[in-house]
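Notes follow the structure.
The values are calculated or read from the model by the stated rules, or taken from the named source; none is laboratory data. What you see is a predicted model, and the numbers here were worked out from it, not measured in a lab. Every residue, glycine among them, receives a Cβ derived from its backbone with ideal geometry; neighbour counts consider all protein chains shown.
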């Protein structure tokens, strides 16, 4: 990750770096197009600001194609030069993350710089990843020393597995979308679950509340990066604007997709084994709550996309 010796020759468009020490001169200039690590993948981004903070350069980046509320400050270790060599590295990483598992569906196995964040919860992917309750092979995670044995295993109930497959078919085969905003929203569902647990235990558990805050945070960050199918992107950019959180707009359909990705996301978090076991139990309890309320939380059918096309502002580049 970050700037290796390979990047030294890839200085096109950044003559400001030169041979000056990093402590005095920024490796990346404002306005420069770069490649940025975000979670397990690499995305195209633009450096908007560069500041030297406590002898370390920090860069404010905008992910190309995403709403501005995903802009963030990152260190140099999260960035790479936008060179042909590094784009190939980006594509190779996408392949490792499972983008090339779509051979059966006849879709391209090549990474898409902006679409690589697609929720690759393809039909075959769901059957292998979810039904077995295993973390999908994450080679970049393994390179970082993540133990696959210690990965969070989330066993999704069978009726919810079918929900995931139906979800995939609605969007990718029937070209239908979830009508937004949803009711109940992800926030509503999390609140309902907290109330349900409080009544069941006759008290409010701080640990449950903390986990629900974590789920909400993961959902808001992961939705535009890895939970959307390609055909849902325009809808996202039309609906999620300003400071609105996705958890206030999307519902159970997209929340369930998060649980397919959680093992991959949590593999980057250092969790003690005992805590991991308790977390798995609480996540399973939440999934059972979703299953119990499946008929009221989930849509039985989606809307045609024909009424969605040509509506809204489009992508925020």
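Residues that are crowded, with 19+ Cβ neighbours inside 10 Å and part of a helix (DSSP H, G or I) within region 281-299 comprise 283, 286, 290, 297, listed in sequence order.
Here the condition is being touching a helix residue (DSSP H, G or I) at 6+ places or on another chain (Cβ under 6 Å), modelled with pLDDT of 90 or more and either in the same structural domain as residue 241 (by TED's automatic domain parsing) or surrounded by 14 or more Cβ atoms within 10 Å (Cβ to Cβ) (or both); of 36, 45, it holds for 36 alone. Restricting region 164-211 to residues that are part of a loop (DSSP other than H, G, I, E, B) and touching a strand residue (DSSP E or B) at 6+ places or on another chain (Cβ under 8 Å), the residue that is surrounded by the fewest Cβ atoms within 10 Å (Cβ to Cβ) is 175. Answer with yes or no whether residue 215 is crowded, with 18+ Cβ neighbours inside 10 Å and either touching a helix residue (DSSP H, G or I) at 6+ places or on another chain (Cβ under 8 Å) or in a helix (DSSP H, G or I) (or both). Yes: the conditions hold for residue 215.
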